[in-house]
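A short worksheet on the structure shown next.
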Amino acid sequence: MGYQRTIRRTVSVEGIGLHSGEPVKLTLSPAAADTGILFRAADGTLIPADIDHVVDGRAATTLGAFGVRVRTIEHLMAAAAALGIDNLVADVSAEEIPALDGSARPFVDLLYSADAVTLPVPRRPLSIREPVRVGDGNRWLEITPSDVFRITYTLDNPHPVVGCQVVSLEVSESVFVDELASARTYGFLKDVAAMRKNGLARGGSLDNAVVVGKRSVLNDSLRFEDEFVRHKMLDLVGDLWLLGRPLMGHITARNAGHALNHELVSAMTVALVAERRQRVARPQARAGSLSGHLERLVPGGLSSQPGIAL
């Protein structure tokens, strides 16, 4: 997996928030190794992009700290994950990341324009050893061991425009850019009034979302025949970057959303912490037993030996 990376130069883009409808400027700046993705709100509040700071999963991923929020981070996060950008600071002039065209492609282009620079600290990929599953019935996510990062996603929606869509991809940088990055967020026309009443989709339009009517999309065309499921995969890539480390595993998904994505990240975090504790405990137990035996042979036991710590 090589070494951590950041961007070489500061870059900016302006737009409106998909849900807030407010104008916003986003500025991306380089960051040191092990910083991760760090959002800086308009008042200067710093919010790490990790699962501990997720405060809302309704229709988008929202981070928060000290009562301050940054909304709809997933498309930027997906672009950073796919391009291998481990560390950067994202300054946001309003509460929400700009929607731009509703996909991750503008963020991919923005990051490419910033160029990437390698940092002298190794990346620490996460390899899945045991299956982790969340959800039930018709909505679930499962990750199983694999030596590559693959997503197999099924979206099953009774609307005639959507139907059942299935895509399986090994998600490398080039595959993400060619097959997923341009897939736009989508919504159903019948839901718009209720969403806006609840503070959602106030900036949504045909310019930044696929709008699904009764029998067809209201946009001129789709970018992919199965654009809906591809956008679900894009969102999942972004939400998984809340782990902050490259992932090796095969994710099988069905009808999931941001809340379930966050649940998977939380479950994986718990599983990884438990596994780490077991790895630490086993050598300590063996070393303790061996130390007692060697104490009779070597004065001071193992603790006195160079390069061995109990």
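The values are calculated or read from the model by the stated rules, or taken from the named source; none is laboratory data. This structure is a prediction, so every number in the text was calculated from the model and none was measured. Neighbour counts are summed over all protein chains in view; Cβ atoms, including those assigned to glycine, are modelled from backbone coordinates with ideal geometry. With ligands, DNA and RNA removed, areas are computed over all heavy atoms of the protein, side chains included. Shrake-Rupley method; radii C 1.70, N 1.55, O 1.52, S 1.80 Å.
Taken over the range 41-54, the criterion of being open to solvent by 30 Å² or more (accessible area, probe 1.4 Å) and within 18 Å of S93 (Cα to Cα) is satisfied by A42, D43, G44, L46, P48. The combined condition, being surrounded by fewer than 23 Cβ atoms within 10 Å (Cβ to Cβ) and without any contact (Cβ under 8 Å) to a residue 12 or more places away in the chain, is not fulfilled by D115. Restricting G36, G2 to those that are under 19 Å from the mean Cα position of the chain (by Cα) and among the small types (G, A, S) reduces the list to G36. Which residue out of R296, R286, R277 is on the phi < 0 side of the Ramachandran plot, more than 22 Å from the chain's Cα centre (by Cα), at pLDDT 75 or above and not β-branched (V, I, T)? The unique qualifying residue is R277. Given the criteria modelled with pLDDT of 95 or more, within 15 Å of I37 (Cβ to Cβ), not acidic (D, E) and not in a helix (DSSP H, G or I), does L119 qualify? Spelling it out, L119 is indeed modelled with pLDDT of 95 or more, within 15 Å of I37 (Cβ to Cβ), not acidic (D, E) and not in a helix (DSSP H, G or I).
Examine the range 250-266 for a residue that is among the small types (G, A, S), modelled with pLDDT under 75 and open to solvent by less than 40 Å² (accessible area, probe 1.4 Å), and state whether such a residue exists. For the range 250-266, residues among the small types (G, A, S), modelled with pLDDT under 75 and open to solvent by less than 40 Å² (accessible area, probe 1.4 Å): absent.
Filter the range 4-15 for residues that are among the β-branched types (V, I, T) and surrounded by fewer than 21 Cβ atoms within 10 Å (Cβ to Cβ); which is nearest to A33 (Cα to Cα)? Among them, the one singled out is T10.
Counting the residues of the range 55-105 that are open to solvent by less than 20 Å² (accessible area, probe 1.4 Å), free of Cβ contacts under 8 Å to residues at least 60 places away in the same chain and within 16 Å of D239 (Cα to Cα) gives 5. Here L206 passes the criteria (1) more than 13 Å from A104 (Cα to Cα); (2) of a type in the set (A, V, I, L, M); (3) surrounded by 15 or more Cβ atoms within 10 Å (Cβ to Cβ) except the one numbered (3).
Highlighted here are the strands (runs of 3 or more DSSP E) found entirely within the range 125-194 that include at least 1 residues which are at pLDDT 95 or above, within 14 Å of G257 (Cα to Cα) and in contact with a strand residue (DSSP E or B) (Cβ under 9 Å, 6 or more places away or on another chain): 132-136, 139-144, 149-157, 186-188. For the range 218-236, the count of residues that are over 17 Å from H75 (Cα atoms), among the aliphatic types (A, V, I, L, M) and buried (at least 21 other Cβ atoms within 10 Å of the Cβ) is zero. The residues of the range 133-146 that are touching a helix residue (DSSP H, G or I) at 6+ places or on another chain (Cβ under 9 Å), open to solvent by 20 Å² or more (accessible area, probe 1.4 Å) and at negative phi, listed by number, are R133, R139, W140, E142.
Here W241 fulfils each of the conditions (1) open to solvent by less than 20 Å² (accessible area, probe 1.4 Å); (2) more than 21 Å from L38 (Cβ to Cβ); (3) in a helix (DSSP H, G or I) apart from (2).
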